[in-house]
Amino acid sequence: MSNKRDLKRTINYICSDLFAETIAVSLYGNSKNQETIEAILTSIVVMRSNYISRVSHIEPGMKSATYFKDLKHKLNEEVNEIIDQISNLE
């Protein structure tokens, strides 16, 4: 298992890439629905904040390996959801 710093760095990279992709689609795509774009951008920022804080504070009573495995799984699901939302904008 990688350390917390690497996991936080990875979360930051993923969120910044998603944010940049959403901005690019809003600028160069055919989508004119600003409310949807703003909602996606907000969800990316909230997701980043949520997962960074969850890395720092492990749930009590749960083994760390199990906790981080679950955290990564939930992060992947949420990222895939946002990717689907971004691809539906185009």
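Readers should treat all values here as calculations from the given coordinates under stated rules, not as data from a laboratory. As the structure is a computational prediction, the values presented were derived from the model and not from experiment. Reconstructed Cβ throughout: ideal geometry from the backbone, glycine too, with neighbour counts over all protein chains shown.
Just a few scattered comments:
- Positive-end residue, the chain charge dipole about Cα centroid, Cβ charges, pick of Gly61, Ile11, Asn30: Gly61
- Placing unit charges on the Cβ atoms only, positive for Lys and Arg and negative for Asp and Glu, gives the chain a dipole magnitude near 600 debye about its Cα centre.
- Distance between the C-alpha centres of the stretch 2-17 and the stretch 54-90: 12 Å, rounded to the whole angstrom.
- Theoretical gain in end-to-end length, Glu77 to Val45 [0.36 nm per residue, Cα-Cα removed]: 9.9 nm
- Gain upon complete extension [Glu38, Arg5; 0.36 nm per residue less C-alpha separation]: 9.0 nm
- Angle between the chain longest axis and helix 34-56 axis [Cα atoms, degrees, rounded to 10]: 10 degrees
- Angle between the chain longest axis and helix 4-28 axis [Cα atoms, degrees, rounded to 10]: 10 degrees
- C-alpha long axis of helix 64-89 to longest principal axis of the chain, angle in °: 0 degrees
- The trypsin sites (Lys or Arg not before Pro) found in the chain that occupy coil by DSSP, while having at most 14 further C-beta atoms within 10 Å, are Lys32, Lys63.
- Site pair Ser53 and Ser87 shows an inter-label distance of 3.1 nm when each label is modelled 7 Å from Cα along Cα→Cβ.
- Between Ser49, Ser16, Ser64, the residue with the greatest mean-square fluctuation in the GNM of the chain (Cα pairs under 10 Å linked by springs) is Ser64.
- [x] 12.2, 33; [y] 17.9, 67; [z] 14.8, 49, with the label sought being that of the calculated Rg and Dmax of the Cα atoms in Å: [z]
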